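Below is one structure, written out as structure tokens, with a few remarks after it.
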Amino acid sequence: MRRVILVIATALVVSAAAPAVSAADKIRVVATIPDLKALAEEVGGKLVDVEALARGNQNAHELEVRPSLMLKLRRADILLENGLDLDTWADVVVQGANNPNIVRGAPGRVDVSRGIQVLEVPSTRVDRSMGDVHPLGNPHYSLDPGMAPIVTQNIVDAFARFAPDRRADFERNRQIFLSRLDEAMARWTQTMAPFKGSKVVVYHPQWIYLLTRFGLSQAATLEDRPGIPATPAHLTRIIRQMKEEQIKVIVVEPWNDMKLAGRVADEAGAKAIVLASMVGGVKGADSYIAAIDHNVNALAQALR
């Protein structure tokens, strides 16, 4: 369902796992995507050192696996993964890192999707002809700030398993973050209220959690099927649909073809906008709240 490009220099493959850290040291955390890094830093504060494997402007479905990523995992105590088949490439990175702390089934391997109400779970058998369809459902739940309480609780539990004497610190950090998030959520809800029920077209189907949270609906995708480039006939149908239904916005990921989206939007009398598909995906979206801020404000401006 997805492609993993493997570039391994034999001399750099890790030959041995690192010993466990002492209680006085920071917990070494690696997250597969920047959203999890940002949330882990909110929970862990000064008690953790967090890195991400993917960058915010990358396609998280497909990551070029390099020795540098394996080195990041070489001494990790905890690996936070998105799950739902978004970051299956992490298995290749873990294999190259040769770190028993984070192999699948180890306490340091943490799937933070536990407890998430997953959207777009296929009701029929999935095969390659359907494109990049995720059998377990849409994995882009971190785009919905309403999911952050569940994700951060999973992170607290993971950190507390490693450092049980610091659970109270992790819980306190989480509550401080969630208070800030609640304030932002009230602002975002108010900003999006006038546009409830509006339809948008998306380039790639990864925005359903964000749209659902604020009462918008996904009318169509520019891709013919997930991960499959559109045919001219498909684009013609999209343009006609946008005109007929007066759809004003096409949402584009930082890593997708903005020129194509712009041409379709021009033909349909709409706007193509780039949203942050992950923290760091666009300028200024350098924290979890800042990324949602950008997305909400950009959507609201385009829908006016």
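The values are calculated or read from the model by the stated rules, or taken from the named source; none is laboratory data. Every value quoted in this text rests on a predicted model; they were computed, and no experiment measured them. Heads up, the Cβs are rebuilt from the backbone with ideal geometry, glycines too, and the neighbour counts pull from every protein chain shown. The accessibility values were calculated without ligands, DNA or RNA, using every heavy atom of the protein model including side chains. Shrake-Rupley method; radii C 1.70, N 1.55, O 1.52, S 1.80 Å.
List of remarks:
- Taken about its Cα centre, the chain carries a charge dipole of roughly 200 debye when the Cβ of each Lys and Arg holds +1 and the Cβ of each Asp and Glu holds -1.
- Shape category assigned to segment 161-211 from the gyration tensor of Cα positions, a/c cut at 1.5: oblate
- Shape call, segment 232-297: gyration tensor on alpha carbons, a/c limit 1.5: prolate
- Summarising the strand pairing of the chain, around 5 percent of its internal DSSP beta bridges are antiparallel.
- Listed pairs 248/283; 26/46; 196/248; 196/283 exceeding 19 Å between Cα atoms: 248/283; 196/283
- For the peptides 78-91, 209-222, 135-148, 27-40, residues were scored by their other Cβ atoms within 10 Å and the scores averaged per peptide; the highest-first order is 27-40, 78-91, 135-148, 209-222.
- Rolled with a 1.4 Å probe across the full set of protein chains, the surface gives residue 253 an accessible area near 0 Å².
- In order along segment 249-263, the Karplus-derived 3J(HN,Hα) couplings, from 6.51 cos²θ - 1.76 cosθ + 1.60 at θ = phi - 60°, round to 9, 10, 9, 10, 7, x, 9, 9, 7, 5, 5, 5, 4, x, 5 Hz, and Gly and Pro are given as x.
- Mean separation of Cα pairs under 8 Å and 6 or more residues apart, divided by the residue count, gives the chain a relative contact order of 17 percent.
- Ranking 198, 179, 298 by how far each Cα lies toward the positive end of the dipole of segment 172-304 (charges on Cβ) leaves 179 at the top.
- Within the chain, helix-based [θ] at 222 nm, where runs of 4 or more DSSP H residues each add -39,500 (n - 2.57), nearest 500: -12000 deg cm²/dmol
- Semi-axes of the equivalent ellipsoid for the chain, computed as √(5λ) from the eigenvalues of its C-alpha gyration tensor and ordered from largest down, come to 35, 23, 15 Å.
- Under a model in which nothing but the beta-carbon of Lys, Arg (+1) and Asp, Glu (-1) is charged, segment 40-162 shows a dipole of about 380 debye around its Cα centre.
- Shown are 207, 255, whose ranking by accessible area with a 1.4 Å probe and every protein chain present, most to least, is 255, 207.
- Peptides 151-163, 188-200 ranked from most to least packed by the mean count of surrounding Cβ atoms within 10 Å: 151-163, 188-200.
- One quarter of the convex hull surface built on the alpha carbon atoms of segment 116-260 amounts to 11.3 nm², the projected area averaged over directions.
- Centre separation in Å (Cα based) which lies between segment 93-116 and segment 237-304: 34
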